[in-house]
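Before any comments, here is the structure.
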Amino acid sequence: MSDRNALQPDEAPSGHFDTFEHYRQAVGDLLAHAERTLSIFDPDLSHTGLEHKQSVALLETLCRKTTQPDAIRILLIAPSHLQKHCPRLLRLVEQQAHRISIRLVSNPGVQDLAPFMIADQAHLLTRFHPDTARGKLALNDASQCAQPGLIFEDLWMASKPGPTGMTLGL
């Protein structure tokens with residue numbers, strides 16, 4: 001994947017990738033295209049690069065652009081990586097609690113479900129299996145987002161609250 005950050009939102013490239021480095025680049029591309037909403041389903045965020053300064057800045061920009069409550073919804077299987085290795089992201093979650101929600105999947109049968117991100121119901125980033133880097137980025141292709149969007153909504157409805165970024169002063 002070359003420098004897709006220069007693409008305009010009305011351009012519609014699609015791309016396959018097979019390394020985690022290219023996956024993280026695709027995450028940045030997707031975040032740059034997000035205008036209103038972002039739904040993320042991932043085992044633990046460990047391969048996404050969302051803990052990096054640039055990714056947090058893109059998420060912060062989305063929070064400023066959107067008027068939607070819970071515009072960014074993150075659904076995880078395990079929160080440990082987020083809690084131990086993502087202080088910038090957790091700080092943003094705390095600061096933007098009205099825009100960002102993190103929940104934990106309560107269904108143990110989703111361990112092998114492919115991770116995905118959907119922006120504005122129009123842009124899809126998915127890995128074909130949680131243990132591998134292979135996947136695809138489909139920008140401006142709402143038809144690709146429909147099925148993962150339904151899966152996300154079902155899992156979200158059955159999930160439980162996750163990390164909020166707040167530290168308790170006990």
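The values are calculated or read from the model by the stated rules, or taken from the named source; none is laboratory data. A quick note: this is a predicted structure, and the numbers were derived from the prediction, not measured. So basically every Cβ, Gly included, is an ideal-geometry build from the backbone, and we count neighbours across all protein chains shown.
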task = Only residues that are under 16 Å from W156 (Cα atoms) and charged (D, E, K, R): list them for the stretch 60-119, please.
result = D70, R73, R99, R103
message = If L7 satisfies all but one of (1) modelled with pLDDT under 95; (2) in contact with a Lys or Arg (Cβ under 8 Å, 6 or more places away or on another chain); (3) not β-branched (V, I, T), what's the number of the condition it fails?
response = (2)
key: From A57, A12, residue being of a type in the set (G, A, S), farther than 23 Å from P148 by Cα and either over 11 Å from the mean Cα position of the chain (by Cα) or modelled with pLDDT of 95 or more (or both)   = A57
request  = State which residue is farthest from Q121 (Cα to Cα) when the search covers only the stretch 25-52 and only residues that are assigned to a strand (DSSP E or B) and not charged (D, E, K, R).
outcome  = F41
task = For G149, indicate whether it is touching a residue at least 40 places away in the same chain (Cβ under 8 Å), in a helix (DSSP H, G or I) and either out of contact with any Ser or Thr (no Cβ under 6 Å at 6 or more places or on another chain) or not hydrophobic (A, V, I, L, M, F, W, C) (or both).
result = yes
task = Please specify each residue of the stretch 133-166 satisfying the condition of being within 13 Å of I118 (Cβ to Cβ) and among the β-branched types (V, I, T).
result = I151
request  = Have a look at D70, D112 and point out the one that is within 21 Å of K136 (Cβ to Cβ), at pLDDT below 95 and out of contact with any helix residue (DSSP H, G or I) (no Cβ under 7 Å at 6 or more places or on another chain).
outcome  = D112
inquiry  = Can you go through S80, S55, S106 and tell me which one is in contact with a strand residue (DSSP E or B) (Cβ under 7 Å, 6 or more places away or on another chain) and under 21 Å from P163 (Cβ atoms)?
reply    = S106
query = Considering only the stretch 38-51, how many residues are closer than 15 Å to V93 by Cβ and more than 11 Å from the chain's Cα centre (by Cα)?
reply = 1
